[in-house]
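The values are calculated or read from the model by the stated rules, or taken from the named source; none is laboratory data. It should be emphasised that the depicted structure is a prediction, and the values quoted were computed from it without experimental measurement. Using ideal geometry, Cβ is built from the backbone for each residue, glycine included, and neighbour counts are taken over all protein chains shown.
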Ligand SMILES: NC(=O)c1ccc[n+]([C@@H]2O[C@H](COP(=O)([O-])OP(=O)(O)OC[C@H]3O[C@@H](n4cnc5c(N)ncnc54)[C@H](OP(=O)(O)O)[C@@H]3O)[C@@H](O)[C@H]2O)c1
């Protein structure tokens, strides 16, 4: 099966860490950035990338389908209806697309049985968007991969994650952090690894499309699966020697005691309470990134980290 020569990529979500990482990794590959705001030029370059102003929520657009690949790190519930409009407004242009890679979230799996309405609504929106994307692409026989990453962390260019970096800030502020035992398992993925997967997929398509043995929906995580407490300890160890985050003591409480102490949150914020409950759940078992990219597994944390 002959691989296709790399086509230009139109990138949504360029102002996310994963989008920034894709820009850094793309090398000389033609890239157009689409979105509401143009990203800063890549580090060391003074020229901005070609920019396509495009609000995915603008119900009147698009009038013309982009060419080449579409890669999206924007919210999938905005991207999926936009793509459906793209197929109906410009069917010939859409049929000429090389393929689509869209980022969803492993929350579609891990929050499926959530008790709070916010998370149930999130799962519903993710599921609906994934189904709409699949329908749009299968109707026009366009190759599609939906990436469903778990916890994305790390820094690319000037952009950093807002989850593990916030945990690191918490470690800097608190002398002691209570945990439910050692916590459940996590499989965090660095934004650069996620971007590399998207690029790898655009390079691995053939005339016949993607490898049919691979699923369209690809839940993906980092190479390391580790307990919540170990993840925090590794984050502490990855800070500079004098960093205040190193001084925070991780206190493994019996899980029932932890939840009893957290119980008042059930009245104040059921969503936050369920997030604490989820600390004991195993949110892992996703395809490790090295299995897609080849090469040796990379230990957590992959650098650079957000400050
Ligand atoms: N953060 C995580 O741990 C995590 C975990 C699993 C999956 N994900 C998925 O990974 C991707 C990146 O996540 P994130 O948290 O870094 O970013 P995010 O907040 O989900 O998405 C922000 C990006 O989407 C673009 N965007 C939003 N609305 C848009 C619109 N109407 N038109 C055009 N562009 C729009 C933004 O561009 P501008 O604002 O610059 O226009 C920005 O680049 C998302 O698909 C997310 O669902 C994230």
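Some observations on this one:
- Test: residue in region 186-203 that is over 27 Å from residue 307 (Cα atoms), part of a strand (DSSP E or B) and assigned by TED's automatic domain parsing to the domain that holds residue 95: no
- Filtered by the rule that a residue be modelled with pLDDT under 95, within 16 Å of the ligand (Cβ to nearest atom), surrounded by 14 or more Cβ atoms within 10 Å (Cβ to Cβ) and not in a helix (DSSP H, G or I), region 100-139 gives 111, 114.
- Residues of region 248-274 classified as out of contact with any helix residue (DSSP H, G or I) (no Cβ under 8 Å at 6 or more places or on another chain) and either closer than 17 Å to residue 227 by Cβ or in the same structural domain as residue 107 (by TED's automatic domain parsing) (or both), total: 4
- Scope region 17-59; condition near the ligand (Cβ under 8 Å from one of its atoms) and in a strand (DSSP E or B); matching residues: 34, 35
- Meets criteria (more than 20 Å from residue 176 (Cα to Cα), at pLDDT below 95 and outside the structural domain of residue 194 (by TED's automatic domain parsing)) for residue 304: no
- Candidates 162, 142 - the one that is within 14 Å of the ligand (Cβ to nearest atom) and in a loop (DSSP other than H, G, I, E, B): 162
- Of all positions in region 85-92, at least one carries a residue that is in contact with a helix residue (DSSP H, G or I) (Cβ under 8 Å, 6 or more places away or on another chain), more than 11 Å from the ligand (Cβ to nearest atom) and either without any contact (Cβ under 8 Å) to a residue 60 or more places away in the chain or not in a helix (DSSP H, G or I) (or both).
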